[in-house]
Amino acid sequence: MNSTQPRRLTRSESGSPRHSPCCRPGPDERHSGHHSAETGQTTTSGVTWWDGGVVPEERFAAVIEVASGEPDVQLPGGAGGRRFGSESVRLGGSIVAMLVQGRVVLKLPRDRVDALIAAGDGAPFDNGRGRPMREWVALTGDPAGDAGLLREALDLARSRVQSG
């Protein structure tokens with residue numbers, strides 16, 4: 001591993017998968033994890049990853065920009081409030097990418113999700129019930145690969161729309 005890039009920690013190495021009470025957000029705050037500008041690391045839900053200093057909202061904005069050039073894609077709108085999926089990119093009504101829990105999350109084939117997690121470029125995503133969702137991954141690697149991953153997610157959604 002390159003010495004300029006911090007080592008990624010697994011859940012078991014980093015301790016509890018939940019935040020301690022001292023850093024829980026108040027009712028009017030959104031919490032996107034702890035970020036260190038010095039190291040470029042962010043810690044969310046017990047997972048630490050390199051993000052090159054990219055704020056999750058900025059990373060998701062870049063994903064939206066890529067998606068805006070794709071046919072049949074519905075981009076997040078201003079309406080809908082803070083409900084689940086309100087900050088999402090959709091194709092055929094299905095969520096393909098979203099900003100949730102301070103992370104950019106994509107829907108990809110299960111084997112691709114497993115490969116990204118194994119490589120340290122993704123983290124398991126759960127819907128708050130403590131069980132990872134098999135086809136969802138929170139991006140933790142270099143944001144330069146996000147456009148390609150989004151296209152893979154769109155291809156998956158298109159294949160399901162055509163076959164369904």
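What follows draws every value from the coordinates through simple rules; no lab data is involved. Since this is a predicted model, take the numbers as computed values, not measurements. Positions of Cβ are generated from backbone atoms using ideal geometry, with glycine treated the same way; all protein chains shown enter the neighbour counts.
For the stretch 101-164, what class follows from the C-alpha gyration tensor (a ≥ b ≥ c being the square roots of its eigenvalues): rounded when a/c is under 1.5, otherwise prolate if a/b is larger than b/c, else oblate? Note, shape of the stretch 101-164 comes out oblate.
Take the Cα radius of gyration of the stretch 91-133 and divide it by 2.2 N^0.38 Å, N being the number of residues; the result is 1.18. Assign one of three labels to the stretch 54-163, namely rounded, prolate or oblate, based on the Cα gyration tensor with a ≥ b ≥ c the square roots of its eigenvalues; rounded applies when a/c is under 1.5, prolate when it is not and a/b is larger than b/c, and oblate otherwise. Rounded, because the longest to shortest axis ratio a/c is under 1.5. Could you compute the net charge surrounding Arg134? Neighbours are other residues with a C-beta less than 12 Å from the C-beta of Arg134; K and R count +1, D and E count -1. With Lys, Arg at +1 and Asp, Glu at -1, the net is 0. Panel order for Ser88, Ser94, Ser163, Ser68, by other beta carbons found within 10 Å of each beta carbon, from fewest to most: Ser163, Ser68, Ser94, Ser88.
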